[in-house]
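What follows is a set of notes on a single structure, which appears directly below.
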Amino acid sequence: MFTGIITHIATVDSIEALTEGLDISFSCETASLHLEVGDSLSINGVCSTVVSFDSESFQIHYLKETCEKSTVQYLKLGDKVNIEGSLTPSSKMGGHFVSGHVDGMGSILSLENKDPWGVLRIRFDETLSPFFVYKGSVCIDGISLTLAKIEDGVLECHLIPHTLLSTILQFKKEGDSVNLECDMIGKYVLNAIDKGNLSV
C-alpha cells in the first residue's frame with residue numbers, strides 16, 4: 001500500500017530478460033528507503049518487490065503480466081523512475097490510498113508549463129471513465145494527483161512546481177506512456193453496485 005507521494009527518483013541501471021519477465025536494477029541511494037529483501041516499492045506506480053540491494057542500487061523481478069500491463073515494458077537504460085516506499089502505520093497519509101496495481105496506461109497529450117503551474121493532459125481508455133471523478137484522486141506514474149477535468153477520454157491535472165521538480169514529470173514529453181491507477185475506494189464501490197451488493 002502506498003500514498004502517491006514520491007520520495008526518490010531512481011535510474012534504470014540494467015535490464016535482463018528472464019524466462020517469464022524482466023530483471024531490472026535501479027541505481028538510487030537506498031539508506032533512506034530502509035530497505036529489506038522482500039519489501040514493496042512503488043516504481044512508477046507499479047508495486048514491486050525488492051529481491052536484492054546495496055547502498056547504491058536495488059533489484060526487482062517483474063512478471064510477464066506486469067510488463068505487458070504497465071510501462072515497465074518500455075523502460076530503457078538511463079530512464080528515470082518515481083520511487084515511494086510502502087505505507088506503514090506511522091507514515092503520513094499525504095496523498096490517497098494507492099495499491100500499486102495499475103488499471104491501464106495513458107498517453108500524454110500535453111504537459112504545459114504555465115509558470116509557475118503545470119497542466120498535464122492524458123488520453124486514457126474510456127473503459128476507465130466510470131472510475132474518474134471531478135476533483136477525485138488518480139495515481140499517474142505513482143503520483144497522487146487531483147482530477148481537474150475529465151472529458152472525452154482525456155483527463156487533466158494541474159501541477160504545483162514542487163510536483164514537477166520532485167518527480168519524473170520534469171522529464172516527460174508529449175506521446176510518453178504513463179501508468180494509471182484509479183481511486184481504490186471508487187473501484188470497490190462500483191464493483192459492489194455491479195454485483196448487486198450495494199444499492200444507490
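The values are calculated or read from the model by the stated rules, or taken from the named source; none is laboratory data. Bear in mind that the values here come from a model prediction, so they are computed numbers and not experimental data. Because the Cβ atoms are built from the backbone with ideal geometry, glycine has one as well, and the counts that use them run over all protein chains shown.
Side notes on the structure shown:
- Qualifying residue in region 110-127 (condition: surrounded by 15 or more Cβ atoms within 10 Å (Cβ to Cβ), touching a residue at least 60 places away in the same chain (Cβ under 8 Å) and in the same structural domain as residue 177 (by TED's automatic domain parsing)): yes
- Single residue of region 176-200 satisfying the filter (within 17 Å of the chain's Cα centre (by Cα) and not in a helix (DSSP H, G or I)) that is surrounded by the most Cβ atoms within 10 Å (Cβ to Cβ): 181
Here's the yes/no breakdown for (1) touching a strand residue (DSSP E or B) at 6+ places or on another chain (Cβ under 9 Å); (2) outside any loop (DSSP other than H, G, I, E, B); (3) among the charged types (D, E, K, R); (4) surrounded by 13 or more Cβ atoms within 10 Å (Cβ to Cβ):
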site	(1), (2), (3), (4)
13	yes, yes, yes, yes
22	yes, yes, no, yes
29	yes, no, yes, no
36	yes, no, yes, no
42	yes, yes, no, yes
47	yes, yes, no, yes
59	yes, yes, no, yes
66	yes, yes, no, yes
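- For residue 149, the requirement of being assigned to a strand (DSSP E or B), more than 18 Å from the chain's Cα centre (by Cα) and farther than 25 Å from residue 83 by Cβ is met.
- Candidates 165, 155: the one that is within 17 Å of the chain's Cα centre (by Cα) and in a strand (DSSP E or B) is 155.
- Residues of region 1-33 that turn out to be touching a residue at least 40 places away in the same chain (Cβ under 8 Å) and of a type in the set (S, T, N, Q), as a count: 4
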